[in-house]
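Remarks on the structure that follows.
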Amino acid sequence: MRLEGKVAIITGGARGQGATEAKMFASEGAKVVIGDIRDELGMQVEAEIRELGGEAVYLHLDVTSEDDWQRAIETAEQQFGKVDVLVNNAAIVLRKDIEETTADDWDNIMDINAKGVFLGTKAVIPAMRRAGGGSIINISSISGLVSIGPPAYIATKGAVRLFTKSTAIQYASENIRANSIHPGSVDTDMRREGMGDQTHEEIQARIDNIPLGRVGTTEDISYGALFLASDESSFMTGSELVIDGGYTAK
């Protein structure tokens, strides 16, 4: 098993990509702490993992709350003894242009998508130091590499990309690695909700722009996270793992 003996905290783990990551990590031997604000869905993911013989615990985690982060770290250490991996997966999207975006809109998306990553990283570093090292995996986006998507969302994902590099350099000497994943279009609830009133033709046109001819699956992204969580990526830090069907290669 690729994550045997490792303990992982995964935010946004109640549905979509985060839930897939939690189940995949558990199937590969990790003990998983699932954090989210969707408590009922999160407990269902925990139950599914346990039914398959994995080890997992769900807890309410608002990524903008320092207190919630401390509880998550304490839970992981009390239940499983340490923290080896953090996947900062929780995020929202705001589909407004610059003039439509209010100051409150900006603050809200920055709080969840960027500040949440900062708070999680700050909270987990001491625990990883106690464990002798670790892997921080920040889910950015191709919107953190190129200008595609709504402007406030792009700003948050660009922030995540460069914050990851700063973290990587600062903590490399302590065997704490930090890498970012940059998904393209992925079939998740958040993507479907964001489609709004787009026509079938408009949706298909976007798919046609992807060289591999399809949107990604949550498994596509989770396999990347699994690699970065495992010792297979032990010589990677400060890197960008792009999983986008070739979109940004054009």
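The values are calculated or read from the model by the stated rules, or taken from the named source; none is laboratory data. Not measured: the values here are computed from a predicted model. Glycine gets a Cβ as well: all are built from the backbone with ideal geometry, and neighbour counts include every protein chain shown.
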Restricting the search to region 135-161, which residues are β-branched (Val, Ile, Thr) and under 20 Å from ALA229 (Cβ atoms)?
ILE136, ILE137, ILE139, VAL160
Only one of LEU119, LEU94 is under 20 Å from the mean Cα position of the chain (by Cα) and either farther than 17 Å from PHE163 by Cβ or without any contact (Cβ under 8 Å) to a residue 24 or more places away in the chain (or both), namely LEU94
Residue under question is ASN113, and the condition is that it be within 25 Å of LEU228 (Cα to Cα), outside any helix (DSSP H, G or I) and polar (S, T, N, Q); does it hold?
no
Determine which member of the set ALA205, ALA172, ALA131 is surrounded by fewer than 15 Cβ atoms within 10 Å (Cβ to Cβ) and in contact (Cβ under 8 Å) with a residue 24 or more places away in the chain.
ALA172
In the list LYS96, LYS23, LYS82, which residue meets the criterion of being among the basic types (Lys, Arg) and surrounded by 19 or more Cβ atoms within 10 Å (Cβ to Cβ)?
LYS23
Requiring at least 2 residues that are closer than 20 Å to GLY132 by Cβ and among the aliphatic types (A, V, I, L, M), the helices (runs of 4 or more DSSP H) wholly within region 1-104 are 66-80
Determine the pairs where a residue that is in contact (Cβ under 8 Å) with a residue 60 or more places away in the chain, located within region 56-78, has a partner that is among the small types (Gly, Ala, Ser) with Cβ atoms under 6 Å apart, the partner being 6 or more residues away or on another chain.
ALA72/GLY35; ILE73/ALA123; ILE73/ALA127
From the list THR217, THR164, THR188, which residue is surrounded by fewer than 20 Cβ atoms within 10 Å (Cβ to Cβ) and either touching a His at 6+ places or on another chain (Cβ under 7 Å) or among the β-branched types (Val, Ile, Thr) (or both)?
THR217
ALA152 vs (1) over 25 Å from LEU3 (Cα atoms); (2) free of Cβ contacts under 8 Å to residues at least 60 places away in the same chain; (3) surrounded by fewer than 20 Cβ atoms within 10 Å (Cβ to Cβ): all pass except (3)
Can you pull out the residues in region 229-250 that are of a type in the set (A, V, I, L, M, F, W, C), surrounded by 15 or more Cβ atoms within 10 Å (Cβ to Cβ) and within 20 Å of SER185 (Cα to Cα)?
LEU241, VAL242, ILE243
Single residue of SER173, SER166, SER143, SER222 found to be modelled with pLDDT of 95 or more, closer than 22 Å to GLY35 by Cβ and of a type outside the set (A, V, I, L, M, F, W, C)
SER222
